[in-house]
1. Being closer than 17 Å to Ala332 by Cβ and either open to solvent by 10 Å² or more (accessible area, probe 1.4 Å) or within 16 Å of the ligand (Cβ to nearest atom) (or both) is the filter here; which residues of the range 291-305 pass it?
2. Output the number of residues of the range 168-184 satisfying the condition of being under 17 Å from Pro150 (Cβ atoms) and either out of contact with any helix residue (DSSP H, G or I) (no Cβ under 8 Å at 6 or more places or on another chain) or hydroxyl-bearing (Ser, Thr, Tyr) (or both).
3. Report those strands (runs of 3 or more DSSP E) wholly inside the range 65-131 carrying at least 2 residues which are touching a Ser or Thr at 6+ places or on another chain (Cβ under 9 Å) and of a type in the set (A, V, I, L, M).
4. Need the failing condition index for Gly77 against (1) free of Cβ contacts under 8 Å to residues at least 24 places away in the same chain; (2) on the phi > 0 side of the Ramachandran plot, just the number.
5. Tell me yes or no: at least one residue of the range 98-113 is surrounded by 13 or more Cβ atoms within 10 Å (Cβ to Cβ), within 16 Å of the ligand (Cβ to nearest atom), over 23 Å from Ala296 (Cα atoms) and of a type in the set (Asp, Glu).
6. Output the number of the condition that Lys245 fails; it satisfies all remaining conditions of (1) within 12 Å of the ligand (Cβ to nearest atom); (2) more than 16 Å from the chain's Cα centre (by Cα); (3) buried (at least 23 other Cβ atoms within 10 Å of the Cβ).
7. Quick one: is Glu48 part of a loop (DSSP other than H, G, I, E, B) and either in contact with an Asp or Glu (Cβ under 8 Å, 6 or more places away or on another chain) or open to solvent by less than 10 Å² (accessible area, probe 1.4 Å) (or both)?
8. Just give me the residues in the range 136-180 being of a type in the set (D, E, K, R), within 13 Å of the ligand (Cβ to nearest atom) and open to solvent by 20 Å² or more (accessible area, probe 1.4 Å), in sequence order.
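The values are calculated or read from the model by the stated rules, or taken from the named source; none is laboratory data. These numbers come from a predicted model, not from an experiment. As a convention, Cβ positions derive from the backbone with ideal geometry for all residues, glycine included, and neighbour counts pool all protein chains shown. Quick note on the areas: whole protein, heavy atoms, side chains included, nothing else; ligands and nucleic acids left out. Shrake-Rupley method; radii C 1.70, N 1.55, O 1.52, S 1.80 Å.
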Amino acid sequence: MFSTDASTLENQVAQVEPSSASKSSSASVVCRPRRLRRTETLRRMVREHTLRVEDLIYPLFVMVGEGQQEEVASMPGCYRYTLDLLLNEVQQAYQLGIGAIALFPLIPCDQKDNAGTESYNPDGLIPGAVRAIKQAVPDILVITDVALDPYSSEGHDGIVQDGKILNDETVAVLAKQALVQAEAGADFVAPSDMMDGRVGVIRKALDAEGWINVGILAYSAKYASAYYGPFRDALDSAPKFGDKKTYQMDAANAREAIKEVDLDIAEGADIVMVKPALAYLDIICQIKQHTNLPVAAYNVSGEYAMIKAAAAQGWIDEKKVILETLTSMKRAGADLILTYFAKDVALMLRR
Ligand code: PBG
């Protein structure tokens with residue numbers, strides 16, 4: 001081991017470059033990391049991590065109807081689109097170089113029930129949207145969310161009985177939902193509910209029906225987080241009672257994230273995800289060191305809202321903060337980033 005004690009360092013440098021001190025007017029400074037920061041070209045050459053448009057996945061909200069888009073109040077710049085307008089948005093994203101979108105539905109109240117029955121309606125909003133997108137922009141990857149909350153009259157990710165969230169009964173419904181999405185043409189299904197065993201059951205169901213090439217992007221380490229508030233506004237999907245702490249993870253736990261990731265990998269996940277991202281960069285880092293699978297991070301709605309709100313006040317430089325924030329996720333180890341800023345970033349990355 002080298003010692004990093006300053007005097008030893010000085011000796012080492014002196015041995016390697018005996019003449020350097022004599023050419024410097026301030027001989028006491030021996031190490032000059034600033035040399036590598038001198039110009040932008042040089043900084044670019046030695047940059048360790050780079051945010052690329054290929055890293056981005058664009059989450060989008062779809063609603064029933066025609067010719068409408070509604071801005072989400074707590075997510076300025078984000079809209080719920082009817083399918084016709086959603087297709088324009090997807091086309092634009094693709095033209096900007098974004099390779100994948102993640103779809104989330106706003107389900108009308110009268111279609112919600114405790115069992116999330118609408119979630120596996122083959123003619124439902126999401127299957128219809130997937131078919132239309134695959135027809136309009138065949139090359140863009142479509143990722144569908146597998147969870148009951150947008151379809152649940154209780155606003156929970158699972159079937160509720162006596163105030164408790166049932167696990168295995170819910171997983172059976174998730175498998176049906178995933179199958180309907182695969183049949184519609186989804187490239188990846190993304191279970192985001194944190195029920196135990198769902199990845200394995202979904203993988204088996206897909207394989208049994210021949211959908212061997214439909215991938216699973218597993219929300220492996222998904223925390224019970226207050227950062228999801230604006231998303232629940234967007235989909236009108238907030239829990240009607242209690243919270244999600246009996247299924248989503250406790251914010252204080254890190255080892256448990258590794259356990260969840262191991263289970264999802266064993267059950268057949270193709271990509272693992274950490275969510276939220278910003279307050280969980282340490283988890284992204286640990287998971288990246290733990291697995292060879294691609295690691296995704298979800299820059300969630302609350303993270304988006306905080307930047308938008310501060311920028312609207314003129315308190316921060318929005319573009320710079322977006323780039324710095326997403327770069328921190330790459331540096332932590334994320335290969336892929338789900339972000340509502342995807343289009344903005346794609347534009348910023350164009351040189
Ligand atoms: C639900 C789901 C949530 C998000 C994605 N899928 C919310 C929740 O778990 O309550 C949140 C995304 C965001 O906040 O941007 N299965």
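1. From the range 291-305, those closer than 17 Å to Ala332 by Cβ are 291-300, 303; that's our starting set.
If the condition is that a residue be closer than 17 Å to Ala332 by Cβ and either open to solvent by 10 Å² or more (accessible area, probe 1.4 Å) or within 16 Å of the ligand (Cβ to nearest atom) (or both), then Thr291, Asn292, Leu293, Pro294, Ala296, Ala297, Tyr298, Asn299, Val300, Glu303 are the ones that fit.
2. Taking the range 168-184 as the starting set, the residues that turn out to be under 17 Å from Pro150 (Cβ atoms) are 170, 173-174, 176-178, 180-181, 184.
Next cut, either out of contact with any helix residue (DSSP H, G or I) (no Cβ under 8 Å at 6 or more places or on another chain) or hydroxyl-bearing (Ser, Thr, Tyr) (or both) only: 170.
Of the residues in that region, 1 qualify.
3. On the way: elements: 69-72, 75-82, 100-106.
Where strands (runs of 3 or more DSSP E) fall fully within the range 65-131 and carry at least 2 residues being touching a Ser or Thr at 6+ places or on another chain (Cβ under 9 Å) and of a type in the set (A, V, I, L, M), they are 100-106.
4. For Gly77, the failing item is (1).
5. no
6. Lys245 satisfies every listed condition except (3).
7. Working: part of a loop (DSSP other than H, G, I, E, B): yes; either in contact with an Asp or Glu (Cβ under 8 Å, 6 or more places away or on another chain) or open to solvent by less than 10 Å² (accessible area, probe 1.4 Å) (or both): no.
Criteria not met by Glu48.
8. Looking only at the range 136-180, we keep the residues that are of a type in the set (D, E, K, R), and these are 139, 145, 149, 154, 157, 162, 164, 168-169, 176.
Okay, now just the ones that are also within 13 Å of the ligand (Cβ to nearest atom), so 145, 149, 154, 157.
Passing the criteria: only Glu154.
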